[in-house]
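The structure under discussion appears below in the form of structure tokens.
The values are calculated or read from the model by the stated rules, or taken from the named source; none is laboratory data. Bear in mind that the values here come from a model prediction, so they are computed numbers and not experimental data. Please note: Cβ atoms are built from the backbone with ideal geometry, for glycine as well, and neighbour counts cover all protein chains shown. All accessible areas refer to the heavy atoms of the entire protein, side chains included, with ligands and DNA or RNA removed. Shrake-Rupley method; radii C 1.70, N 1.55, O 1.52, S 1.80 Å.
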Amino acid sequence: MAILLDGISLPSDLIWFDEYGWSNVVQAIRVSITGSLVIQEATQAKGRTITLKGGTDYAWITKATADSIKEKVDTPDLDMTLLLHGVVRTVRFLRSGNKSPFKTREIFTLADPDMDHLYSFSIDLVEV
């Protein structure tokens, strides 16, 4: 099934690494001044993390695709459309500290790779 990030075609064999690591139920627990336990729960509509990962032997992209993604990473406040598993979501890059939400690794190292050179990669997104 196709995976598209804001019009950029991604490999269909990408792994959604944290697909089941998020719950839309949020919880706050506190102790009241009388010593009673107060538990509040509610549904969180957005904020789901979506980490897409390729590996050394699957889900590769070309340097041209990596450059297109990097251009979007360098654009602040960018809402994007993600088509994943047949569902359309609005996402942004998930930026933790100074770490890039887009990481690449060459499949084999070249000093001056051309636009068809292959990379494995991961992308950190958050649903907004």
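Figures for the structure shown
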quantity	calculated
Rounded to whole Hz, the Karplus (6.51, -1.76, 1.60) HN-Hα couplings of the range 38-45, x for glycine and proline	10, 10, 10, 10, 8, 8, 9, 7
By accessible area with a 1.4 Å probe, ligands and nucleic acids excluded, highest first: order of Trp16, Trp60	Trp60, Trp16
All lysines inside 17 Å of Lys63 as judged from Cα atoms, apart from same-chain residues fewer than 8 positions distant	Lys53, Lys72, Lys103
Karplus 3J(HN,Hα) series, Hz, for the range 2-13 with 6.51 cos²θ - 1.76 cosθ + 1.60 (x for Gly, Pro)	5, 10, 10, 10, 6, x, 8, 6, 10, x, 6, 9
Rel. contact order, % - alpha carbon contacts under 8 angstrom, at least six apart, the chain	30 percent
Estimated [θ] at 222 nm from DSSP helical runs (n ≥ 4, -39500 (n - 2.57)) normalised by residues in the chain, nearest 500	-2500 deg cm²/dmol
Rough spin-label spacing in nm, given labels placed 7 Å along Cα→Cβ, for Ile8 and Lys99	1.9 nm
Correct option for Cα extents along the principal axes in Å [calculated from the coordinates] among (i) 46, 31, 22; (ii) 68, 31, 29; (iii) 42, 34, 33	(ii)
